[in-house]
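Step one of this worksheet: look at the structure below.
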Amino acid sequence: MNRSTIDLWVGIFVAAGLVALLFLALKVGNLASFSAAQTYDVTGDFANIGGLKVRAPVKSAGVVVGRVSKIRFDTETYEAVVTMSLDSRYRFPRDTVAKILTSGLLGEQYVGLEAGGDTKMLANGGRLKLTQSAVVLENLISQFMFNKAAEGKGSAK
Amino acid sequence: MPDSNIVEVENVWFGYDPQRPVLRDVSVTIPRGKVVAIMGQSGCGKTTLLRIIGGVYKPTRGRARVLGELTSGLDQDGLYAMRRRMGMLFQFGALFTDLSVYDNVAFQMREHSNLPEDLIHDLVMLKLQAVGLRGAAQLMPSELSGGMARRVALARAIALDPQLMLYDEPFTGLDPISFGAIARLVRTLNDALGTTSIVVSHDVQECLDIVDYLYFVADGQVVAKGTPEEIRASSEPFVDQFVHGKIDGPVPFNYPAPDYTADLELSEA
Amino acid sequence: MTIQAMRGFFERLGNRVTSGVWQLGFAARFFAYMVLHSGTALRRFSLTIREIYFSGVLSLIIILVSGLFVGMVLGLQGYHTLERYGSSEALGVLVALSLVRELGPVVAGLLFASRAGSAITAEIGLMKATEQISAMEMMAVDPIARVVAPRFWGGVISMPVLAALFSAMGIFGGYLVGVKMIGVDNGAFWSQMQAAVDVREDILNGVIKSVVFGIAVSWIAVFEGYDAAPTAEGVSRATTRTVVTSSLAILALDFLLTALMFTGGTAT
C-alpha cells in the first residue's frame, strides 16, 4: 500500500464524511430554510410569554416568517421584551398584532403575527405596539371555575 | 576527563528497586577506539550497565560520564543530543516492522538531518554495502532471516557514523555463519569508522577473538578484567569457570535448596 | 471472617484504589505530554494521514453496514410502535433524531473502539514488546511524538467522519424500510424530519459528541498500548482494557453530554 493510494483513500474518506454531514444538514435538518436569509429585528412587549423560548418560530398565516432571537425582562415596565428576527422579504405594517399562540393543543409556543392596515411598514428596530400575551392554563381554569360558580349562583337566584 | 576515554563509569550503584541493587560499586573505563566486552551470566547486570551508559537509567550513586557528559545532569534535550552521537544494536534487531530495510536505515538520516533524498540514497547504499545487504534494500523486515535482520539493524545503528557503538547481546540465537559475520563486522566497522564499541555478551570464545579488553560482571560487581591474553591465562576461579564453561565452581550448579535427603524423606512419608 | 482476612481485604481494596488513581494521573500527564509534542504529527502530516487511513478508512465497511442495519431496524420497530398511536408519519423524525443525537455517535464510537482502538493498542504494545520503542529512543527520536501522537490525532479526526457516515447510512436505511418497503408517505417522511431536526441543536451536538468520544477512545487506546507490559500476555490484556474502558467511557460521557446538551443541565 504505497503513499499515493493511502492519500487517495483518506481523501475519499474525508470527502465522504463531509458529504454525509452536508446531507444531514440540508436534507435531514432545517438548514436550507433560514440561515443565509437577510433579517431585520422588531421587538414587542408581553405581559406574559408563557412557554415561549428563544428560536421559537414567528409565523404569519401559518407560514414561518422569522425566529425569536432574544427574550429579556424589562425592570421598569415589569414586562417581557421579545426580540424577533424577521425575514427581510416580508414587511409588516406598523399596527401588526403579535400574539403568543400554541401549536396544537399542548404543543410548543410560537409568535403569530396578524397584519394590520397601516401604510407605513415596520423598520429594523421597530416596536410592535399591539400584543397579546400567552394563555396561561391555570388562569383559564380558574376563570372557567369562577364563571361556573357565578352561573350557578345566577341560576339559583 | 582524559581525552582518551569515551566512557567512564565511576563507583556506580543502581537498582530498579532501591532496596535491591542490581549494580554495586561498578567502575568501568572505555578508551577511545577500542572494542570492550562486558561479560557475565544472564541477569548479572550487564544489560543494565549498558542502559546506564546509554542514559536510559541514571545511577542511584556514583557517576557515569559518556562522550564528555555526565548522564545524570542531562535533561531530555541533552540526552537526545548525546544519543545522536551513539548507535545501539538491540538484541533481536528491533527493526521498525512497518518500514522497509531501506527506510529503516534511512530513518535517522531523515529524522535528524535535511539531506536531499538522492544523498540519503547513496548513504543508505553505503551502509548496506558495508554489512553486505545492499541487494535486500527493498525487502520488509518480516521477509528477513534473523541474521539478516541483525545486520540491517547494524547498518541502521551506524547510519550517522556514531562515536560510540553499544551492542546488546548481538550474537544471540544466530547460526554459526551469521554469528561469524556479525563478529567480524563489529571489529571491522569499529576500526573503519574510528568508533569505540562496547559489546555485552556471554559468548566468550568469539569475544576473546575480536575485543581489546574485557570486564567480567557477577552479582552486580566487576570480578575480573583484562586483555584477552590475560583472561585466557587467568587462574581466577570465576573467569576459569566462565571461559571454560565448567558446570560447577564459584557459580554453583544447584540453586539453593533444603537438604536433599530430608526432601526425599518428606515425600516418602 | 478473621481480623487478618478483613485487614487483607481492605489493604487490597486500598491498593487498587491508589494504583487506579496513580494510573489516572499518569494517563493525564501522558495526555498533556502528547498534546504538547504533537508538532511532528501536524508538521509531517503524512504520518497522521497514514493513521487516518488505518483507523478511519479501514473501519468504513463495518460502520456503513452497521449504520444501514441499525437504521433499518429503527424503521421497522419505529413504524410498528408509531402505528399504534396513528403517528406513523413521524417515522422520519424518530429515525433521524435517534441516529443524529444518540445512536450515530455512540454506536459508531463503540465500533471504532473495538476495531480501531484495539488495533492501535496492539500495534503500540507490540512495538514496545519488540523493543522498537526503545530503539527509537536510543536514536534520539521521541516515540511519543513520532508514534503515539499521529495515531491519537488520526483517531480524533476519523471519529466524527465515521459518526456522520453512520447517521447518514442509518437514515437511508430507515428510508428504505419505511418508505420503500412499508409504504410510509415519502413527502411526510422527509418534511416532518426536516421540521423536527435542528442543525444547531441536534446535528451539531451529535458532531460535538463524536469529537469528544474520538478524543476519549484515541487517548485510551494509545495510553494502554504505551503502558502495556512488553510481553504477549501484556499486549493482550492491554487491548482488552482498551475496548472495555473505551466502551464504558463512551457510555458515561454520553449520559453527561446528553444531560448538558438536551436538557440544558436541568437533569443533573
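Could you list, in sequence order, the residues of region C:80-93 that are under 16 Å from C:ASP185 (Cβ atoms) and either polar (S, T, N, Q) or in contact (Cβ under 8 Å) with a residue 40 or more places away in the chain (or both)?
The answer is C:SER87, C:SER88, C:GLU89, C:ALA90, C:LEU91, C:GLY92, C:VAL93.
Out of C:ILE171, C:ILE182, which single residue is more than 30 Å from C:ALA238 (Cβ to Cβ), surrounded by 24 or more Cβ atoms within 10 Å (Cβ to Cβ) and touching a residue at least 12 places away in the same chain (Cβ under 8 Å)?
The match here is C:ILE171.
Within region C:75-101, which residues are within 14 Å of another protein chain (Cβ to nearest Cβ), assigned to a helix (DSSP H, G or I) and not aliphatic (A, V, I, L, M)?
C:GLY92, C:SER98, C:ARG101
I want to confirm something. Restricting to region B:192-205 and keeping residues that are in a strand (DSSP E or B) and touching an Asp or Glu at 6+ places or on another chain (Cβ under 8 Å), which single residue is modelled with the highest pLDDT?
Here the residue is B:VAL200.
If you scan region A:1-20, which residues turn out to be more than 8 Å from every other protein chain (Cβ to nearest Cβ) and crowded, with 18+ Cβ neighbours inside 10 Å?
Within region A:1-20, no residue meets the criteria.
Report the residue count in region C:134-144 for those that are more than 9 Å from every other protein chain (Cβ to nearest Cβ) and surrounded by 20 or more Cβ atoms within 10 Å (Cβ to Cβ).
1
What residue, of B:ASP103, B:ASP98, B:ASP17, B:ASP77, is more than 30 Å from B:ASP118 (Cα to Cα) and acidic (Asp, Glu)?
From the options B:ASP103, B:ASP98, B:ASP17, B:ASP77, the qualifying one is B:ASP17.
Can you tell which of C:ALA140, C:ALA196, C:ALA163 is hydrophobic (A, V, I, L, M, F, W, C), at positive phi and touching a helix residue (DSSP H, G or I) at 6+ places or on another chain (Cβ under 6 Å)?
C:ALA140
Only one residue in B:ALA130, B:ALA153 is out of contact with any Asp or Glu (no Cβ under 7 Å at 6 or more places or on another chain), away from chain C (no Cβ under 14 Å) and in a helix (DSSP H, G or I). Which one?
Values: B:ALA153 fails: away from chain C (no Cβ under 14 Å).
Exactly one of B:ALA130, B:ALA153 is out of contact with any Asp or Glu (no Cβ under 7 Å at 6 or more places or on another chain), away from chain C (no Cβ under 14 Å) and in a helix (DSSP H, G or I), namely B:ALA130.
Wholly within region A:34-102, which strands (runs of 3 or more DSSP E) include no fewer than the required count, namely at least 1 residues that are within 14 Å of chain C (Cβ to nearest Cβ), surrounded by 18 or more Cβ atoms within 10 Å (Cβ to Cβ) and not β-branched (Val, Ile, Thr)?
A:57-60, A:63-74
Scan B:LEU208, B:LEU214, B:LEU189 and give me the residue that is touching a helix residue (DSSP H, G or I) at 6+ places or on another chain (Cβ under 8 Å) and not in a helix (DSSP H, G or I).
On the way: B:LEU208 fails: not in a helix (DSSP H, G or I); B:LEU189 fails: not in a helix (DSSP H, G or I).
Matching residue, one of B:LEU208, B:LEU214, B:LEU189: B:LEU214.
Please work out which one of (1) within 19 Å of the chain's Cα centre (by Cα); (2) more than 18 Å from B:MET88 (Cα to Cα); (3) acidic (Asp, Glu) is the condition B:ASP240 fails and give its number.
Single failed check for B:ASP240: (1).
Counting just the residues of region B:128-139 that are free of Cβ contacts under 8 Å to residues at least 40 places away in the same chain and not polar (S, T, N, Q), which one comes out farthest from B:ALA181 (Cα to Cα)? Give the derivation first.
Narrowing region B:128-139 to residues free of Cβ contacts under 8 Å to residues at least 40 places away in the same chain: B:128-129, B:133-139.
Narrowing further to those that are not polar (S, T, N, Q): B:128, B:133-137, B:139.
Values: B:LEU128: 14, B:LEU133: 12, B:ARG134: 15, B:GLY135: 17, B:ALA136: 16, B:ALA137: 18, B:LEU139: 20 Å.
Among those that are free of Cβ contacts under 8 Å to residues at least 40 places away in the same chain and not polar (S, T, N, Q), it is B:LEU139.
Can you confirm whether region C:150-160 contains a residue that is under 30 Å from B:ILE158 (Cα atoms) and out of contact with any Leu (no Cβ under 6 Å at 6 or more places or on another chain)?
The answer is yes, given that some residue of region C:150-160 is under 30 Å from B:ILE158 (Cα atoms) and out of contact with any Leu (no Cβ under 6 Å at 6 or more places or on another chain).
Mind listing whichever residues of region C:36-68 are more than 19 Å from the chain's Cα centre (by Cα), in a helix (DSSP H, G or I), more than 12 Å from chain A (Cβ to nearest Cβ) and touching a residue at least 24 places away in the same chain (Cβ under 8 Å)?
Result: C:GLY39, C:THR40, C:ALA41, C:LEU42.
From the list B:GLY135, B:GLY93, which one is small (Gly, Ala, Ser), more than 8 Å from chain C (Cβ to nearest Cβ) and closer than 21 Å to B:TYR167 by Cβ? Break it down stepwise before answering.
On the way: B:GLY135 fails: closer than 21 Å to B:TYR167 by Cβ.
Unique residue meeting the criteria: B:GLY93.
Failed condition for B:LEU174, given (1) within 18 Å of C:MET138 (Cα to Cα); (2) away from every other protein chain (no Cβ under 14 Å); (3) assigned to a loop (DSSP other than H, G, I, E, B); (4) not charged (D, E, K, R), with all others met?
All conditions pass for B:LEU174, except number (1).
Hand me the list of helices (runs of 4 or more DSSP H) wholly inside region C:129-198 holding 1 or more residues that are under 30 Å from the mean Cα position of the chain (by Cα), within 30 Å of B:TYR80 (Cα to Cα) and hydroxyl-bearing (Ser, Thr, Tyr).
Counting at least 1 such residues, we get C:132-138.
If we keep just the residues of region A:21-33 that are of a type outside the set (A, V, I, L, M), at pLDDT below 85 and surrounded by 14 or more Cβ atoms within 10 Å (Cβ to Cβ), which is nearest to the chain's Cα centre (by Cα)?
Applying the filter and picking the extreme gives A:ASN30.
Going by the conditions given, is B:LEU185 under 20 Å from B:ARG51 (Cβ atoms), under 15 Å from the mean Cα position of the chain (by Cα), modelled with pLDDT of 90 or more and surrounded by 14 or more Cβ atoms within 10 Å (Cβ to Cβ)? Before you say what the answer is, go through the steps one by one.
Working: under 20 Å from B:ARG51 (Cβ atoms): no; under 15 Å from the mean Cα position of the chain (by Cα): yes; modelled with pLDDT of 90 or more: yes; surrounded by 14 or more Cβ atoms within 10 Å (Cβ to Cβ): yes.
Taking the combined requirement at face value, the residue does not satisfy it.
Among (1) under 30 Å from C:SER46 (Cα atoms); (2) within 13 Å of another protein chain (Cβ to nearest Cβ); (3) at pLDDT 95 or above, there is one condition C:THR121 misses while meeting the rest; what is its number?
Failing condition for C:THR121: (2).
Do we find that C:PHE166 is facing another protein chain (nearest Cβ under 10 Å), more than 30 Å from B:LEU166 (Cβ to Cβ) and surrounded by fewer than 23 Cβ atoms within 10 Å (Cβ to Cβ) in this structure?
So C:PHE166 fails the test.
The values are calculated or read from the model by the stated rules, or taken from the named source; none is laboratory data. Everything numeric in this text was worked out from a predicted model, so none of it was measured. Counting neighbours? That spans all protein chains shown, and the Cβs are built from the backbone with ideal geometry, glycine included.
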